[in-house]
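The values are calculated or read from the model by the stated rules, or taken from the named source; none is laboratory data. Because the structure is a prediction, the values reported are computed rather than measured. All Cβ positions, glycine included, derive from the backbone under ideal geometry; neighbour counts span all protein chains shown.
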Ligand code: 2HA
Ligand code: ZN
């Protein structure tokens with residue numbers, strides 16, 4: 001089986017396309033990295049040779065030998081489905097953690113996403129708390145991004161509003177959302193701040209920029225961002241319609257958590 005024939009490859013391209021269709025990944029906005037099971041790679045016939053080695057600004061020795069499907073730096077989500085070989089790549093982290101080997105794709109000298117340090121630090125942080133973790137996804141989810149201009153940026157208040165906007169939010173992200181300060185993207189600093197939050201949340205807001213979501217597979221991670229983004233969209237409509245007149249109460253949310261067997265982040269409900 002070739003790489004492009006695998007389900008995970010097709011799902012990766014379809015997910016990027018869906019994100020583009022939602023308007024979350026304009027131009028070169030957004031990036032995805034998918035940690036692969038070594039067994040999945042062994043079944044692939046056309047990724048045995050190293051095409052190129054690429055240096056990194058981050059020491060990823062904790063991920064040495066791991067394989068990832070990654071989006072390319074400066075590449076457009078819009079074009080991934082049409083020409084995956086130019087816009088995404090299959091990489092493996094070298095044993096020294098300082099370089100990566102390119103095994104497939106990223107043709108014409110392309111390199112992995114500029115957010116690779118943030119992604120790798122996030123993978124390391126999530127794997128420590130969930131051995132089934134696989135996906136890091138960044139995008140510029142429109143309404144969620146807009147909310148960072150108008151809503152209180154406290155993690156508790158932002159989480160509470162999202163939980164109140166759609167009944168399913170508490171069930172999908174009971175641990176809430178995290179927020180970091182505005183920072184320059186692509187740096188180790190923003191990666192460290194993001195990864196620190198990944199210890200107890202899967203959804204991190206980068207104010208005035210976008211969101212980071214993580215999960216066990218592409219669908220779950222996309223669904224996490226999609227759910228929060230939907231709540232942010234509802235919030236936008238509610239504000240435009242003149243603000244909240246009535247909403248889900250804290251007791252309702254507690255009953256919901258009980259019914260679905262989830263534990264809301266401590267201290268977030270009254
Ligand atoms: O990859 O979205 O944050 C482009 C970006 C950087
Ligand atoms: Zn971005």
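Applying the selection to region 156-193, what residues are part of a helix (DSSP H, G or I) and closer than 17 Å to residue 224 by Cα?
At the first step, the residues of region 156-193 found to be part of a helix (DSSP H, G or I) are 156-165, 169-172, 188-193.
The answer is 158, 159, 160, 161, 162, 163, 164, 165, 169, 170, 171, 172.
Criterion applied to 162, 153, 224 was being under 18 Å from residue 19 (Cβ atoms) and in contact (Cβ under 8 Å) with a residue 24 or more places away in the chain, and the one residue passing it is 224. Taking strands (runs of 3 or more DSSP E) as the structural unit, those lying wholly within region 28-147 and holding at least 3 residues that are under 17 Å from residue 194 (Cα atoms) correspond to 31-35, 135-139.
Scanning region 136-157 for residues that are away from ligand 1 (no atom under 16 Å from the Cβ) and buried (at least 22 other Cβ atoms within 10 Å of the Cβ) turns up just one, 147. Does residue 218 meet the test of being more than 16 Å from ligand 1 (Cβ to nearest atom) and farther than 28 Å from residue 71 by Cβ? So residue 218 fails the test. Collect the residues in region 13-26 that are within 14 Å of ligand 1 (Cβ to nearest atom) and in contact with a helix residue (DSSP H, G or I) (Cβ under 8 Å, 6 or more places away or on another chain), keeping them in residue-number order. Those that are within 14 Å of ligand 1 (Cβ to nearest atom) and in contact with a helix residue (DSSP H, G or I) (Cβ under 8 Å, 6 or more places away or on another chain): 16, 19, 20, 23, 24, 25.
Within region 21-44, take every residue that is free of Cβ contacts under 8 Å to residues at least 60 places away in the same chain and within 16 Å of ligand 2 (Cβ to nearest atom) and give me the one that is surrounded by the fewest Cβ atoms within 10 Å (Cβ to Cβ). My answer is 27. Looking across region 174-187, the residues that are away from ligand 2 (no atom under 16 Å from the Cβ) and in contact (Cβ under 8 Å) with a residue 60 or more places away in the chain come down to 174, 175, 176.
To keep it simple, each residue is scored yes or no on (1) at pLDDT 95 or above; (2) farther than 17 Å from residue 137 by Cβ; (3) within 16 Å of ligand 2 (Cβ to nearest atom); (4) crowded, with 24+ Cβ neighbours inside 10 Å.
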position	(1), (2), (3), (4)
211	yes, no, yes, yes
223	yes, no, no, no
234	yes, yes, no, no
242	yes, yes, no, no
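Among the conditions (1) closer than 18 Å to residue 141 by Cβ; (2) more than 16 Å from ligand 2 (Cβ to nearest atom); (3) surrounded by fewer than 21 Cβ atoms within 10 Å (Cβ to Cβ), the only one that residue 169 does not satisfy is (3). If we scan region 232-243, do we find a residue that is within 15 Å of residue 126 (Cβ to Cβ) and more than 16 Å from ligand 1 (Cβ to nearest atom)? No, region 232-243 contains no residue that is within 15 Å of residue 126 (Cβ to Cβ) and more than 16 Å from ligand 1 (Cβ to nearest atom).
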